[in-house]
Amino acid sequence: MLLYLYCTFDNRPFWYRVIGRTLDLMSSFVSPLPSKVMMPLCGLITAISILLFGARLEQRFSKAQIRRMFVGHGFSSIKFSETIPYRFVIGYKA
């Protein structure tokens, strides 16, 4: 199984988490706006998030949450990459 999950901002500098949270708040503020206003703002938010984080803002998971998901679906021998952000995980299912 190939699975790509976004990691949470744990183990990141404070300023990195602040920018991420700010972008999340901006997204929730922009979504109810009329589309003529919303579309350019969404483009700006997306561009900033891609530049800073390398990915669109999606639901993010901590290492512990990823481990629980793997275990909950019957995987064993779960190994994470040694370096932050632990986005490479391998698990085996019998």
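The values are calculated or read from the model by the stated rules, or taken from the named source; none is laboratory data. Bear in mind that the values here come from a model prediction, so they are computed numbers and not experimental data. As a convention, Cβ positions derive from the backbone with ideal geometry for all residues, glycine included, and neighbour counts pool all protein chains shown.
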Could you please find all residues in the stretch 26-52 being of a type in the set (Ser, Thr, Tyr) and in contact (Cβ under 8 Å) with a residue 12 or more places away in the chain?
-> Ser27, Ser49
Within the stretch 12-59, restricting to residues that are surrounded by 14 or more Cβ atoms within 10 Å (Cβ to Cβ) and outside any helix (DSSP H, G or I), the one that is modelled with the highest pLDDT is Arg12
Which residues, taken from the stretch 23-50, are among the polar types (S, T, N, Q) and more than 15 Å from the chain's Cα centre (by Cα)?
-> Ser28, Ser31, Ser35
Flagged in the stretch 64-85 as under 20 Å from Asp10 (Cα atoms) and part of a helix (DSSP H, G or I), in numbering order, are Ala64, Gln65, Ile66, Arg67, Arg68, Met69, Phe70
